[in-house]
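First comes the structure, then the notes that go with it.
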Amino acid sequence: CAFYGCSNLQSIKIPSSVTCIGDGAFGSCEFLNSITIPDSVTSIGNGAFEGCKSLTSITIPSSVTSIGDEAFKDCESLTTIVIPDSVTSIGNGAFAICESLISITIPNSVTLIIGDNAFAFCESLTSITIPDSVTSIGESAFRNCNSLTSITIPSSVTSIGDYAFEGCVSLTTIVIPDSVTDIGDYVFKDCESLTSIVIPDSVTGISEGLFSKCSSLASVIIPSGVARIEDYAFFECENLASINIPQSITSIGDFAFWGCKSLYPIIIPETIMHIGDCAFYGCSNLQSIKIPSSV
């Protein structure tokens, strides 16, 4: 926090003697629009440039290996940023609320995790490249990225955190690779342009609120290994006309298909033992249903 809140500071040159930019070093320097980071710097601390609202672009030198939590959070004028191949970790909320950021490429050097809230509320972000080195997408990582139309998840990813793509209202398609075994709660909630999705055989559960309010979703294929459809899974998916419920499923959660007014027909397999509260409430197009004796 060495220069934290120096609101009149407009430009700064960091000398090559500096190896580390500390936590909050230039946080809330609202008029800082130009900064030069030398090749000597190896780490950018937590919140180092958080709230630098006038910063439009920044070049991170190839000497940097880590970008801390919320390092560039709320840099609302930042349109471009180049992350060098030297960076191995991007912290939680590192680029959250960068409202003007249009595109970003994550280098192959980033391993394991895209942190929680890493790009949350980047409302202008239209494209992002996730490398094959990433194994996990954190909670709310791309939450409310309103302009994001498509994204490819590499086959290295095994888990997608809660709310990861919630509110990505322009997202029309997404491919989930067979490597993914765990999809968190409400991951695609309010993705109102998403029309179809294939859930890989590696997934064993349809988590809570997974497709809640995906109003354009017309069809879903649930793999045979899924055991439960959790609460609110397809809540208010008003254009969902067909869905297969495989024999592996034993329980349909509360409000699971609430307001799916286009749903017809539906077959409940003999393996189902529990149908939750309001599970099919408001499915106004449903004309007949057979409840098996297993319920």
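The values are calculated or read from the model by the stated rules, or taken from the named source; none is laboratory data. Bear in mind that the values here come from a model prediction, so they are computed numbers and not experimental data. Neighbour counts are summed over all protein chains in view; Cβ atoms, including those assigned to glycine, are modelled from backbone coordinates with ideal geometry. Heads up: the accessible areas ignore ligands, DNA and RNA and are worked out on the full protein's heavy atoms, side chains in. Shrake-Rupley method; radii C 1.70, N 1.55, O 1.52, S 1.80 Å.
When the Cα centres of the stretch 173-191 and the stretch 44-85 are compared, how far apart do they sit, in Å?
Answer, in whole Å: 28.
What shape does the stretch 239-283 take by its C-alpha gyration tensor, where a ≥ b ≥ c are the square roots of the eigenvalues and a/c under 1.5 counts as rounded, a/b above b/c as prolate, and the rest as oblate?
Details: a/c = 2.64, a/b = 1.31, b/c = 2.02.
Note, shape of the stretch 239-283 comes out oblate.
Quickly work out the Thr126-to-Lys13 label distance, labels modelled 7 Å from Cα along the C-beta direction, and quote it in nm with one decimal.
In this crude label model, Lys13 to Thr126 measures out at 3.5 nm.
Once label points are set 7 Å from the Cα along Cα→Cβ at both Asn33 and Ser202, what is their separation, rounded to one decimal in nm?
Modelled inter-label distance: 4.7 nm.
Can you check what the net charge comes to around Leu55, using other residues whose Cβ is under 13 Å from the Cβ of Leu55 (Lys, Arg +1; Asp, Glu -1)?
Numbers: positive: Lys53, Lys73; negative: Glu30, Glu50, Asp74, Glu76, Glu99.
Every neighbour counted, the sum reads -3.
Between their Cα atoms, which of Lys213/Lys261; Lys53/Lys189; Lys13/Lys53; Lys261/Lys290 are more than 24 Å away from each other? List each step's numbers first, then the result.
Details: Lys213/Lys261 12 Å; Lys53/Lys189 29 Å; Lys13/Lys53 18 Å; Lys261/Lys290 18 Å.
Checking Cα-Cα distances, Lys53/Lys189 exceed 24 Å.
Enter the per residue convex hull volume of the stretch 1-54, computed from alpha-carbon coordinates, in Å³ rounded to the nearest integer.
On the way: hull volume 3.2 nm³, N = 54.
Here the figure is 59 Å³ per residue.
Which entry is the computed Cα extents along the principal axes in Å for this structure: (i) 58, 44, 35; (ii) 75, 31, 25; (iii) 51, 40, 37?
(ii)
Once the dipole of the stretch 1-114 is set up with Lys and Arg at +1 and Asp and Glu at -1 on Cβ about the Cα centre, which of Ile90, Thr80, Ser34 lies farthest towards its positive end?
Ser34
In the stretch 40-148, what is the volume of the convex hull around the alpha carbon atoms, normalised per residue and reported in Å³?
Values: hull volume 7.9 nm³, N = 109.
Per-residue hull volume (Cα only) is 73 Å³.
Using Cα pairs closer than 8 Å and at least 6 residues apart in sequence, work out the relative contact order for the stretch 35-99, in percent.
Working: 169 pairs, mean separation 23.1, N = 65.
Relative CO of the stretch 35-99 lands at 35 percent.
Quick one: net charge around Gly5, please, counting Lys, Arg +1 and Asp, Glu -1 for every other residue with C-beta under 13 Å from its C-beta. Walk me through the numbers before you get to the answer.
Details: positive: Lys53; negative: Glu30, Glu50.
Computed value for this residue: -1.
Over the chain, average the accessible area per residue using a 1.4 Å probe and give it in Å², no decimals. Intermediate values should be presented prior to the final figure.
Numbers: 12180 Å² over 295 residues.
For the chain, the solvent-accessible area averages 41 Å² per residue.
Per the Debye formula with a single identical scatterer at each Cα and no solvent contribution, what log10 I(q)/I(0) holds for the stretch 63-206 at q = 0.09, 0.15, 0.17, 0.19 Å⁻¹?
Taken in order of the listed q values, log10 I(q)/I(0) reads -0.23, -0.67, -0.87, -1.11.
Determine the dipole magnitude for the chain: charges of +1 sit on the beta-carbon of Lys and Arg, -1 on that of Asp and Glu, nothing else is charged, the reference point is the Cα centre, and the result goes in debye to the nearest 20. Each step should come with its number before you reach the end.
Values: 9 positive and 30 negative charges, 83 e Å.
In debye, rounded to 20, the chain gives about 400.
For the pair Thr152 and Glu270, how long in nm is the line joining their label points, each one 7 Å along Cα→Cβ?
Spacing of the two 7 Å Cα→Cβ label points: 4.4 nm.
Normalised by the number of residues in the stretch 129-183, what is the relative contact order in percent for Cα pairs under 8 Å and 6+ residues apart?
41
Put +1 on the Cβ of every Lys and Arg and -1 on every Asp and Glu Cβ in the stretch 226-291; which of Gly282, Ile266, Ile252 then has its Cα farthest towards the positive end of the dipole?
Result: Ile266, furthest along the dipole toward the positive end.
Report, in debye and to the nearest 20, how large the dipole of the stretch 206-262 comes out about its Cα centre when Lys and Arg carry +1 and Asp and Glu carry -1 on their Cβ. Present the calculation step by step, with values, prior to reporting the outcome.
On the way: 3 positive and 6 negative charges, 34 e Å.
Magnitude of the dipole: close to 160 debye.
Can you tally the net charge around Phe235? Count Lys and Arg as +1, Asp and Glu as -1, for every other residue whose Cβ sits under 9 Å from the Cβ of Phe235. Please list the in-between numbers first.
On the way: positive: Lys189, Lys213; negative: Asp231, Glu236.
Charge balance near Phe235 sits at 0.
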